[in-house]
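Heads up, the thing below is written out as structure tokens.
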Amino acid sequence: MQNIVILGSTGSIGKSSLEIIRANRDKFNVSCLVASTNEKLITDQAREFKKAKIYLEKKAKSKSSERTIDRKQLYDLISDSKVDTVIAAISGSDGLELTHHSIISGKKVLLANKEPLVMGGDFLMNLAKKHNSKIIPIDSEHCGVHQSINGKDIKTVSKITLTCSGGPFHSLPKSEFKTINLKKALKHPVWKMGKKISVDSSTLMNKALEIIEAKYLFGIEKDKIEAIIHPEGLVHSFVEFVDGTTLASMAKPDMKIPISYGLGFPKIINNKINKVDLQKLSNLSFEKIDRKKFPSIDFAYYAINQGQGMPIVLNAANELAVDYFMKEKIKFTDIFRLISLTLSYVDKNNIKLNSVSLDSILNFYDEIKEITSKNLKNFIK
């Protein structure tokens, strides 16, 4: 029996994870449900998974039950030898601290959100090696790469290609980007996701952050990582090897597939998810990303090249920009402009991450948020 802590149980990844667990109760047990503010849903989940402890970041209005734990108790529970696996699915940078604690506790970490590795990079990967923690990606693209290279020498990989649907605006002329509003940005053509990641997908920042994540997760040079548009959303990644062969990861666009892979790893779980019927496929198309329309990809490579905490700068500036866009205080195109302005300001003023630790990363992140907030004055409607 695998005992599991779900960080972000009320989000889309958390709910999909519970579906897999629900169908495999002989294999998995939920030790703790963790959420930020959705008291009603986490209460419903706890009612079904009766042995699970509950941690709600924002204090509940109702009286706490004996199953409700505080932050320290959550850390202690994750450290407990009885817990095997932590599903890290708290969106944004909020999940960094708990992901870090899960890693130093030697757990199998199923990583759904990319921000911890974008911010922590080699620091987290080195800790994982030191504490014998297995990090398994459960987003569709990195999961596909993981399956393709598992058991192989990373030196034999000549290129990793991450695909994306292109979001709702990949065919929209740049001249019409000024007409984009929040409602349009949230209409993803393939995936059903939360608001923040849906906006990131519409700007292709989601893919930009995945490029950075892939560099650290697989220990591969940035020049061997690329991203392309694949509107059908069936092929999630390609891995090209030095002998000329290429392995593709193909599956229906359903997050339960990579989650199932992570939960079962190294074994395969037999699930009831619909499979791809190759005989019914009429077309698989691939397109080059227009970086003039979507500068997010260039931001990613720039951040990797600069180093010295620049991926943290990119992540922090994007989080604040997206937050203000979701509040409808800035325009869609202002997201790119605000990020570019923050990156340039940090570089021009030689602001760097001078030491690497959890505290220094979090403090640097807060510093960049303050810088970005000051730049916001030029954009707020």
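The values are calculated or read from the model by the stated rules, or taken from the named source; none is laboratory data. On a predicted model such as this, the values are computed, not experimentally measured, just so you know. Please note: Cβ atoms are built from the backbone with ideal geometry, for glycine as well, and neighbour counts cover all protein chains shown.
Some notes on this structure:
- Tally of residues being part of a helix (DSSP H, G or I) and modelled with pLDDT under 90 across segment 168-216: 3
- Taking the listed residues Lys50, Lys72, the one that is surrounded by fewer than 11 Cβ atoms within 10 Å (Cβ to Cβ), assigned to a helix (DSSP H, G or I) and either under 20 Å from the mean Cα position of the chain (by Cα) or assigned by TED's automatic domain parsing to the domain that holds Lys15 (or both) is Lys72, with no other qualifying.
- In segment 191-226, the residues that are of a type in the set (A, V, I, L, M) and under 16 Å from the mean Cα position of the chain (by Cα): Met193, Ile197, Val199, Leu204, Met205, Ala208, Leu209, Ile211, Ile212, Ala214, Leu217
- Matching entry among Lys292, Lys329 (being touching a residue at least 12 places away in the same chain (Cβ under 8 Å), outside the structural domain of Pro173 (by TED's automatic domain parsing), loosely packed, with under 15 Cβ neighbours inside 10 Å and more than 20 Å from Gly95 (Cα to Cα)): Lys329
- One residue alone among Leu263, Leu284 is farther than 25 Å from Val86 by Cβ and either in contact with a strand residue (DSSP E or B) (Cβ under 9 Å, 6 or more places away or on another chain) or without any contact (Cβ under 8 Å) to a residue 24 or more places away in the chain (or both), and that residue is Leu284.
- Residue within segment 134-148 that is part of a loop (DSSP other than H, G, I, E, B) and not acidic (Asp, Glu) present: yes
- Of the residues Ala321, Ala316, Ala303, the single one that is among the aliphatic types (A, V, I, L, M), in contact with a Phe, Trp or Tyr (Cβ under 8 Å, 6 or more places away or on another chain) and within 23 Å of Glu213 (Cα to Cα) is Ala316.
- Checking Ser282, Ser260, Ser202 one by one, the residue that is surrounded by fewer than 16 Cβ atoms within 10 Å (Cβ to Cβ), among the small types (Gly, Ala, Ser) and at negative phi is Ser282 and no other.
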